[in-house]
Amino acid sequence: MDSALPVLQPKDFKSDLKPIWCPGCGDYGVLQAVYRALSAIGRPAHEIAFVSGIGCSSRIPGYTTAYGFNTVHGRALPIAQGIKLANPELLVLCAGGDGDGFSIGGGHLPHAVRRNLDLTYIVMDNQVYGLTKGQLSPTAALGRKTVTSSYGSLERPINPLLQVLSYGAGFVAQSTPADMPGLSQILEQAIAYPGFAFVNVQSPCVTYGEEHQQMKAQRATMKTLASLSHDPSDFLQALGWATHYGEQLHTGIFYRNPKPPPSYEQQLAERRAKLAPGALPRERILEMFQTR
Ligand SMILES: Cc1ncc(C[n+]2csc(CCOP(=O)(O)OP(=O)(O)O)c2C)c(N)n1
Ligand code: SF4
């Protein structure tokens, strides 16, 4: 970073709005990690757009000083992509819950990944619909009892890590607020990655989550991928570790493409520059579609 620039502190990204999450909710930790990562990145708040869907976790943009857009359930990614396309200079963060991102918004995910705009997507995966009082989410385990599955879920959970890897994301990581230094560093690296970056955060719901999903249990069982000698540039190895989702909490970077391809917005800018000299004026294009 340029030493002439003022150094930003985590507190510079904290808004005046007081979070209303339940005491002990994992999302508090995610918010702190976002503050830390943004201060390390060093972009001022007015150069950042933070987009979310609807859910407890989707409240997060309002607690930061960045420009925030708490959008519609499941539609955070399309809106984040639109913002990035309209103003590629902005640092764009997108966040929400596992319900928001993998259930109602699940159809947008493959397309956002393959389109590859330079943005960071943070999912606070708590295996439940928190805001609407504890219904079954798509990452909930088989047999999980909730208000909508009193005798236990009969549906196998989806595996978001495997999904996003197979769609071709250049950066895929997982962390938890039970490891604050690790989570902050992962978010920082995801933001710094030049392309679509996905971070699945196992963020416990203290109100509707189960005992084994809480931070104390996570701390006792989690394993860093680094301690397992995982090479984040090895895609096949990343797929292998990702298959353990739901059985073993692995934290760290599963995959980081060592040769990031150009982002969508970069390619668009190049195409525009190439076509500009011979481009048709907009009025002429409209005329071509008018009936004679
Ligand atoms: C179109 C639409 N359908 C349903 C809802 C109701 N709704 C709001 S949040 C939510 C799920 C929240 O769960 P998740 O996205 O996992 O976030 P969490 O609250 O757990 O952080 C639902 C079903 C809605 N607001 N809009
Ligand atoms: S209901 Fe769960 S996810 Fe929502 S604020 Fe409370 S602890 Fe957090």
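Here, each number is a calculation from the coordinates, and none is a lab measurement. Keep in mind the model is a prediction, meaning the values are calculated, not measured. Cβ atoms come from the backbone with ideal geometry, glycine included; neighbour counts cover every protein chain shown.
Annotations for the structure displayed:
- Going from the residue with the fewest nearby Cβ atoms within 10 Å to the one with the most, Ser263, Ser175 rank Ser263, Ser175.
- Taking label positions 7 Å along the Cα-Cβ direction at both Leu228 and Thr148, the computed distance is 3.0 nm, reported to one decimal.
- Fraction of the pair-distance distribution of region 10-262 above 26 Å, Cα-Cα pairs, percent: 32
- Max mean-square fluctuation residue, GNM over the chain, Cα-Cα springs under 10 Å, options Arg59, Arg156, Arg271: Arg271
- Lysines with Cα under 24 Å of Lys84, excluding same-chain neighbours fewer than 8 positions away: Lys14, Lys259, Lys274
- Charge tally for Arg144 (other residues, Cβ to Cβ under 12 Å; Lys, Arg +1; Asp, Glu -1): 0.
- Extension reserve of the Gln9-Glu47 stretch, reckoned as 0.36 nm per residue once the Cα distance is removed: 12.1 nm
- Sparse-neighbour loop sites [GluC sites (Glu not before Pro); region 233-292; at most 16 other C-beta within 10 Å; DSSP]: Glu247
- Beta bridge orientation in the chain: antiparallel %, DSSP, nearest 5: 20
- Cα-based values for region 1-77, radius of gyration first and Dmax second, are 13.1, 42 Å.
- Candidates Gly130, Gly168, Gly143: whichever shows maximal mean-square fluctuation once the chain is modelled as a Gaussian network with Cα springs under 10 Å: Gly143
- Rg in Å to one decimal, and Dmax rounded to a whole Å, for region 1-130 via C-alpha atoms: 14.4, 46
- Applying the criteria of a DSSP loop state and at most 14 other Cβ atoms within 10 Å to the chymotrypsin sites (Phe, Trp or Tyr not before Pro) of region 120-157 yields Tyr151.
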